[in-house]
Amino acid sequence: MNTPTQAPAAGSDDAAADAHGAARTTEETADDLKADCIADSAGGLTFDLNAPQGAHTTWSAALVLRRRGDAADEEVRLPLGPNGAGRLRAVLPSTVALDEGRWNVYADLGDGRAPRRLLPGVNDLRSLVDRRPLAGIGRLGVRIPYATKLGNMVLRSWLRGPHAEAGDLLVQPDGMTVSGRLYGAAPGPGAQAEARARHAPEDGGPRATVTVPLTVEGAAFSFTLPYAEPAGHWRRGTEPWDLWLRPAEGARPVRIARLLDDVHDKKQVFTYPAMPVSAAAGEVRVGPYYTLDNDLALRVAGPAGADGGAGA
């Protein structure tokens, strides 16, 4: 079995987003408020922070989550109340849906000042490691707190239903075998895995798709994807292929991803070898990787771009 190689983590677009957030108000980080975070096995998070000296919180005090990107005006407020001398607590239950994306974390003490950006304290995420939700769960919520390059706290959130959780990857010279577990759907006749070319060909034709049968045992699944066919579609540069699971013939496909642990950015942490494969257009290199969203994908690249990134 090929073991992922640990690589230094990078913050992707976090630094730019931090700079943008810092420009909004100088009050947000004035008090250097830190929040300790504890995760539970159901996917909920508890935030504990020290109240600033002399601070007087009000009934309207809240932990504020603000979503980044196109939905930057989207906001979730969680009640922030006393939890012992000089301590404040807010809880994000697993039952509260949080849209997919990255959420900046602030504290609004109800004192008339702008919400202040929180810094991460101690994160206890042990319950997220090898998390095993109920197989029949309809919608799976995953939230992982982390620190950006500038040290600010951010939540990475996923909301999937059904969800195909990737497990072990066995990388061999001619292909790879993926095992995993399906949540929120039951595999049936015609179940298969699909590799889809992310980009349409230059002639405007349909995107290429490669399908392979799925082996299932209860909620567990596995499949083997030979590299020859994706390699045969290579033309130039780096071409990413996204991996999907179709639970049964005619069923809606489900993106294969690895979410059930405490690693928010697997693209920067887990790397797998790219294997040389002969194709009509020349020798290419093919290997799996995780995208910026922790979805499983396949990279097909020519020799000159073998080590290049495939974007998301």
Of (1) touching a residue at least 12 places away in the same chain (Cβ under 8 Å); (2) more than 30 Å from Cys37 (Cβ to Cβ); (3) touching a His at 6+ places or on another chain (Cβ under 9 Å), Val154 satisfies every one except (2)
Whichever residue in region 32-56 is open to solvent by 60 Å² or more (accessible area, probe 1.4 Å) and under 24 Å from Asp124 (Cβ atoms) and, among such residues, is modelled with the highest pLDDT: Ile38
All-but-one check, Phe270 against (1) open to solvent by 50 Å² or more (accessible area, probe 1.4 Å); (2) modelled with pLDDT of 90 or more; (3) of a type in the set (A, V, I, L, M, F, W, C), failing number (1)
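Report, by residue number, each residue of region 232-247 that is hydrophobic (A, V, I, L, M, F, W, C) and modelled with pLDDT of 95 or more. Walk me through how you get there before you give the answer.
Kept after step one, since they are hydrophobic (A, V, I, L, M, F, W, C), are these residues of region 232-247: 234, 241, 243-245.
Trp241, Leu243, Trp244, Leu245, listed by residue number.
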Among the residues in region 255-266, are any open to solvent by 60 Å² or more (accessible area, probe 1.4 Å), in the same structural domain as Leu169 (by TED's automatic domain parsing) and not in a loop (DSSP other than H, G, I, E, B)? no
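The values are calculated or read from the model by the stated rules, or taken from the named source; none is laboratory data. Bear in mind the structure is a predicted one, so any value in this text is a computation, not a measurement. Counting neighbours? That spans all protein chains shown, and the Cβs are built from the backbone with ideal geometry, glycine included. Accessible surface is based on the protein model in full, side chains and every heavy atom, while ligands, DNA and RNA are left aside. Shrake-Rupley method; radii C 1.70, N 1.55, O 1.52, S 1.80 Å.
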